[in-house]
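Below is one structure, written out as structure tokens; the observations come after it.
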Amino acid sequence: MAEERAWIAREIHDAVGHHLTAIRMQANAARHVLTDAPPPAARVLGTVADLSASALRDVRLLLAALRDEHRPTGATLADVPALADRLSSPGCRVHVTIDRHAAAGPLPALVDHAGYRLAQEALTNAVRHAAATRVNVRIRQDLKTVTILVEDDGQGHPPSSRLLTGSGLRGMRERAHLLGGHLDIGPRPPHGWRVKAVLPTHGGG
């Protein structure tokens, strides 16, 4: 089993890690060469460089987790504001609110990481596919659950491609259900889209 995990890690590193590094280098090179590029183009290149760097960090964390199953997982809900900053643009603002009960303890690593991934999927879909101008993210942790709510003001019914981005709708539901939680996705009256995930705080370690 350990050998298989190590082989998978090497394959991911070769197939994904090298390409992400190349994308980041190309984007940074373009930023330096195209000094007279219009501001929107410069912002896009900066976003490509930042997102590829972030994705590369995530890949490295996942590779480390594959090599050592007891290693803590990567990004957590505390990283959602930084993610929102990266995804925000003049045409679509992302606002994050985090409300944590004073007596609530630290989240289990698996719950914390799953919450981040759910927020990431919902945010990315809203920004890229919903034609939204504003996305609100609310994260609330009480003594028994953590709730991640993502609402946008875009299209009331998303195209199918929006549900297939990343892990997609099925992957989001599976991630929540594996931890004993649930996921609700649907239109947000009068317009827009709403994703709500509720995870028990005892759902992982």
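The values are calculated or read from the model by the stated rules, or taken from the named source; none is laboratory data. Everything numeric in this text was worked out from a predicted model, so none of it was measured. Here the Cβ is made from the backbone with ideal geometry for all residues, glycine too, and neighbour counts use every protein chain on show. The area values use the complete protein model at the heavy-atom level, side chains included, leaving out ligands, DNA and RNA. Shrake-Rupley method; radii C 1.70, N 1.55, O 1.52, S 1.80 Å.
Observations on the structure shown:
- Filter pass, residue 127 being open to solvent by less than 80 Å² (accessible area, probe 1.4 Å) and at pLDDT 90 or above: no
- Scope the range 88-139; condition in a strand (DSSP E or B), out of contact with any Pro (no Cβ under 8 Å at 6 or more places or on another chain) and among the aliphatic types (A, V, I, L, M); matching residues: 94, 135, 137, 139
- Qualifying residue in the range 70-77 (condition: in a helix (DSSP H, G or I), within 25 Å of residue 130 (Cα to Cα) and either at pLDDT 85 or above or touching an Asp or Glu at 6+ places or on another chain (Cβ under 9 Å) (or both)): yes
- Among the residues of the range 25-41, those identified as under 23 Å from residue 92 (Cβ atoms) and either open to solvent by 50 Å² or more (accessible area, probe 1.4 Å) or outside any helix (DSSP H, G or I) (or both) are 31, 37, 38, 39, 40.
- So residue 138, is it modelled with pLDDT under 90, open to solvent by 60 Å² or more (accessible area, probe 1.4 Å) and of a type in the set (Lys, Arg): no
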